[in-house]
Amino acid sequence: MRILVTNDDGYHAPGLTVLEEIAAQFSDDIWVCAPSEEQSGAGHSLTLNQPVRLQKFGDRRFAVTGTPTDSVMMGLREVLDSPPDLILSGVNRGANLGDDITYSGTVSAAIEGALAGIRSIALSQVYNGETRDTDAEFVNAREWGPKVIQPLLDAPFADRTLVNVNFPPGPAKGIRVVRQGFHDYLRGSIVEGRDPRGHRYFWFGLHAIEHTLDHGTDLEAIDDGHVAVTPLQLDLTHYSSIDTLGRRFEE
Ligand code: MN
């Protein structure tokens with residue numbers, strides 16, 4: 001089984017090493033193709049206005065001077081001579097839950113894999129304040145990653161679907177398959193400051209996003225100390241609105 005591994009925190013991210021170690025439990029044909037720099041929040045963006053360079057660090061190790069999506073595209077089109085059986089994206093440092101998913105470079109790398117018809121899984125380690133700057137936060141990813149991936153290897157994946165996995169920060173109690181939740185729209189902090197030359201800047205913060213915990217969601221599962229597994233689909237159509245909206249445009 002050939003596995004392509006990527007990580008939106010960049011080629012040097014500790015979570016990439018963690019995921020390589022997890023992948024090594026399933027295969028010895030592992031290829032790394034990851035952004036050369038951190039790309040968190042890049043979403044499903046492509047680099048179109050500048051060249052993208054491929055940096056080779058080993059027979060099966062590559063960095064791409066671009067986004068997570070660029071990395072998967074380069075991996076599939078330029079690096080690998082035959083398609084991988086599996087794409088693993090992560091382990092991200094931080095949650096990719098609820099409607100953060102569309103901002104996520106981690107999930108978007110898996111989306112690119114799903115678009116290419118390849119079984120793709122995004123993995124993220126949720127952290128809390130105490131573990132944020134240490135390696136300890138990947139404890140659950142290391143322990144539970146293989147247990148989550150194993151059943152997904154031969155589970156049916158419908159076309160244009162992928163699986164999003166989040167590991168809780170504390171000791172995990174188990175695994176739940178849940179739907180995507182939603183944050184209340186109190187999109188946190190934009191921090192304003194002055195740079196050393198006196199010019200005003202703004203910096204988007206990620207904290208203090210509040211949410212109401214709906215039952216059966218990824219947010220609730222993590223809050224309840226479980227690994228959250230959410231199947232996602234790329235079809236964003238809101239089907240029940242097709243008729244109601246269509247009637248608005250009838251002659
Ligand atoms: Mn990230």
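The values are calculated or read from the model by the stated rules, or taken from the named source; none is laboratory data. Computed from a prediction, not measured in an experiment: that's the story for all the values here. Methodologically, a virtual Cβ is constructed for each residue, glycine included, from the backbone with ideal geometry; neighbour enumeration extends over all protein chains shown. Areas reflect the complete protein model, heavy atoms only, side chains present, ligands, DNA and RNA absent. Shrake-Rupley method; radii C 1.70, N 1.55, O 1.52, S 1.80 Å.
Does Ala42 satisfy the criteria of being on the phi < 0 side of the Ramachandran plot, open to solvent by 10 Å² or more (accessible area, probe 1.4 Å) and either in contact with a helix residue (DSSP H, G or I) (Cβ under 6 Å, 6 or more places away or on another chain) or within 16 Å of the ligand (Cβ to nearest atom) (or both)?
Yes; evaluated as a whole, the condition is true for this residue.
Have a look at Gly90, Gly113 and point out the one that is crowded, with 24+ Cβ neighbours inside 10 Å and under 10 Å from the mean Cα position of the chain (by Cα).
Being crowded, with 24+ Cβ neighbours inside 10 Å and under 10 Å from the mean Cα position of the chain (by Cα) holds for just one of Gly90, Gly113, which is Gly90.
Does the range 113-122 contain any residue that is out of contact with any strand residue (DSSP E or B) (no Cβ under 6 Å at 6 or more places or on another chain) and either modelled with pLDDT under 95 or of a type in the set (D, E, K, R) (or both)?
no
With the condition kept exactly as written, say whether any residue in the range 229-241 is assigned to a loop (DSSP other than H, G, I, E, B), at pLDDT 95 or above and touching a Ser or Thr at 6+ places or on another chain (Cβ under 8 Å).
yes
Among the numbered conditions (1) of a type in the set (Ser, Thr, Tyr); (2) closer than 16 Å to Gly145 by Cβ; (3) away from the ligand (no atom under 13 Å from the Cβ); (4) outside any loop (DSSP other than H, G, I, E, B), tell me where Ser89 comes up short.
(3)
Please determine, by comparing only the residues of the range 45-71 that are more than 16 Å from the ligand (Cβ to nearest atom) and either of a type in the set (A, V, I, L, M, F, W, C) or within 25 Å of Ala95 (Cβ to Cβ) (or both), which one is least open to solvent (accessible area, probe 1.4 Å).
Phe62
Regarding Ala63, is this residue under 23 Å from Arg119 (Cβ atoms) and touching a residue at least 12 places away in the same chain (Cβ under 8 Å)?
Judged against the criteria, Ala63 is not a match.
For Gly15, indicate whether it is open to solvent by less than 40 Å² (accessible area, probe 1.4 Å), in a loop (DSSP other than H, G, I, E, B) and within 16 Å of the ligand (Cβ to nearest atom).
When the stated conditions are applied, Gly15 does not pass them.
Do any residues in the range 114-129 that are of a type in the set (Val, Ile, Thr) have Cβ atoms under 7 Å from those of residues that are open to solvent by less than 60 Å² (accessible area, probe 1.4 Å) and part of a helix (DSSP H, G or I), where the two are at least six apart or on different chains, and which pairs are they?
Listed by first residue and then by second, the contacts come to Ile121/Ala110; Ile121/Ile149; Ile121/Leu152; Val126/Ile222.
Limited to the range 18-39, what total is found for residues that are part of a loop (DSSP other than H, G, I, E, B) and either buried (at least 24 other Cβ atoms within 10 Å of the Cβ) or more than 11 Å from the ligand (Cβ to nearest atom) (or both)?
The qualifying residues number 8.
Can you tell me which residue within the range 174-195, out of those that are of a type in the set (A, V, I, L, M) and touching a residue at least 40 places away in the same chain (Cβ under 8 Å), is least open to solvent (accessible area, probe 1.4 Å)?
Val178
So, in the range 147-173, exactly how many residues are open to solvent by less than 10 Å² (accessible area, probe 1.4 Å) and either more than 14 Å from Ala122 (Cα to Cα) or part of a loop (DSSP other than H, G, I, E, B) (or both)?
Looking only at that region, the number is 1.
Which of the residues spanning the range 1-12 are part of a strand (DSSP E or B) and open to solvent by less than 10 Å² (accessible area, probe 1.4 Å)?
Correct list: Ile3, Leu4, Val5, Thr6.
Could you list all residues from the range 92-101 that are within 10 Å of the ligand (Cβ to nearest atom) and touching a helix residue (DSSP H, G or I) at 6+ places or on another chain (Cβ under 6 Å)?
Asn92, Arg93, Asn96
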